[in-house]
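Please read the structure below before turning to the comments.
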């Protein structure tokens, strides 16, 4: 299991937090997702077959791109 945290600058409300958590939780290999409105970040605990690249792609697809 790996844990990664991304900054997501366009988290602006509780709906954003719920959307991110729901979408990422549906990925195979994702164990836990904690999105924070206050910190504008998301922490993801995951394992195979999910990769950091897949997580970033999904976030971009749902209009919450990672701030790098």
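Read-outs throughout are calculated quantities, based only on the coordinates presented, and are distinct from any laboratory measurement. This one's a predicted model, so the numbers in the text were calculated from it and none came from an experiment.
Rounded to the nearest 10 degrees, the inclination of helix 52-61 to the longest alpha-carbon principal axis of the chain is 40 degrees. Helical content alone sets the calculated 222 nm signal of the chain at -10000 deg cm²/dmol, taking -39,500 (n - 2.57) per DSSP H segment of four or more residues and averaging over every residue.
Fully extending the segment from residue 28 to residue 1, taken as 0.36 nm per residue of separation minus the present Cα-Cα distance, adds 8.5 nm. Could you state the angle between the C-alpha long axis of helix 14-25 and the longest principal axis of the C-alpha atoms of the chain, as a value from 0 to 90 degrees rounded to the nearest 10? Helix 14-25 sits roughly 10 degrees off the main axis of the chain. P(r) for the chain, from all Cα pairs and a bin width of 10 Å, is 23, 62, 15, 0 %, short bins first.
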